[in-house]
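One structure below.
The values are calculated or read from the model by the stated rules, or taken from the named source; none is laboratory data. Because the structure is a prediction, the values reported are computed rather than measured. Every residue, glycine among them, receives a Cβ derived from its backbone with ideal geometry; neighbour counts consider all protein chains shown.
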Amino acid sequence: MNASAHTFLIGGDLPVRRLGYGTVQLTGPGCWGPRGTDADATAVLRRAVERGVTLVDTADNYGPGVAEERVAAALHPYAPGLVVATKGGVVRTGPGVWHVGGRPEQLRRMSDESLRRLRTDRIDLFQLHRLDRQVPLADQLGALRELKDAGKVRHVGLDSVTVDQFRAALDLDIVDIASVQNRYHLLDRAAEPLLRLCEARGIAFLPWFPLGNGSLASDPVCGEIAAAHGASPAQIALAWLLHHSPVLCPTPGTSSVAHLEENLAAAGVRLGAEELSRLDGLTG
């Protein structure tokens, strides 16, 4: 891949390096409370930016509020070109306990609270964390359109949607969709049709669990290719994502500077055609 292959324009006008950083690991078990110290979180976030990360992905319910506050504490005022994406539409009430909240008034309140915690006047990318089945899709998208028209949000995305839900959102044409964030990794490609739809339309796809939550370490093919490159299986999995589609923008999370360095080094792994073919054949 050449240098340009490592970048993507979100919404057609917001350039980011495709390998970013996710903040969920800055929170405790079940996304409740903080993980580690504030100093540890600051060190990881600042090192990510020092290493060239320009896409930081967070959410209001990580903590809740903890991850956004830590992003602002470490990185505000934000460097030119740094894109902070957050999510709203989920209400967390305890460790691993949450419910969907997609009424327009809820989304407006959530976005305002995210703006406050992130210490910014406009959210670069605001993603609807889950569709609320109790609220008409047009009402949820309409609320996001209002946020965009008010200048509070630059671009809008969707999280954890099916192909049919995504097509419905596109067909309504209420607000431009700049990104989709769904579960996807080397051994779990259930969202492949959704990825291809995003690819055809030039829409960013932010895969969550891009490292398979630890499942990749035991795959023999991934391990063999990793050994040939002097890399880890996780690095091979990230490198495969970057090779697999130009719209894939993985944001692996960690609370460790050492692990961060390992993840970011994956951008330098060059996979050959035969290696890609073998990895493409994995199904998990």
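Worth pointing out:
- Test: Gly253 is more than 29 Å from Gly28 (Cα to Cα) and modelled with pLDDT of 95 or more: no
- When restricted to residues that are under 21 Å from Pro80 (Cα atoms), among the β-branched types (Val, Ile, Thr) and either in a helix (DSSP H, G or I) or over 18 Å from the mean Cα position of the chain (by Cα) (or both), segment 104-152 contains 1.
- Criterion (touching a strand residue (DSSP E or B) at 6+ places or on another chain (Cβ under 8 Å), closer than 21 Å to Ala258 by Cβ and either outside any loop (DSSP other than H, G, I, E, B) or of a type outside the set (S, T, N, Q) (or both)) met by exactly one of Ala74, Ala48, Ala43: Ala48
- Taking the criterion of being over 17 Å from Tyr21 (Cβ atoms), assigned to a loop (DSSP other than H, G, I, E, B) and more than 17 Å from the chain's Cα centre (by Cα), the residues of segment 77-103 that qualify are Pro77, Pro80, Pro95, Gly96, Gly101, Gly102, Arg103.
- Asp60, sole failed condition from (1) closer than 20 Å to Ala266 by Cα; (2) among the charged types (D, E, K, R); (3) in a loop (DSSP other than H, G, I, E, B): (1)
- Test result for Ala39, more than 19 Å from the chain's Cα centre (by Cα), at negative phi and of a type in the set (A, V, I, L, M): yes
- Test set (1) on the phi > 0 side of the Ramachandran plot; (2) of a type outside the set (D, E, K, R); (3) at pLDDT 95 or above - Gly214 fails condition number: (3)
- Exclusive hit being touching a residue at least 12 places away in the same chain (Cβ under 8 Å) and of a type outside the set (D, E, K, R), set Pro250, Pro220: Pro250
- Filtered by the rule that a residue be in contact (Cβ under 8 Å) with a residue 40 or more places away in the chain and charged (D, E, K, R), segment 104-146 gives Asp112, Glu113, Arg117, Arg119, Asp124, Arg130, Asp132, Glu146.
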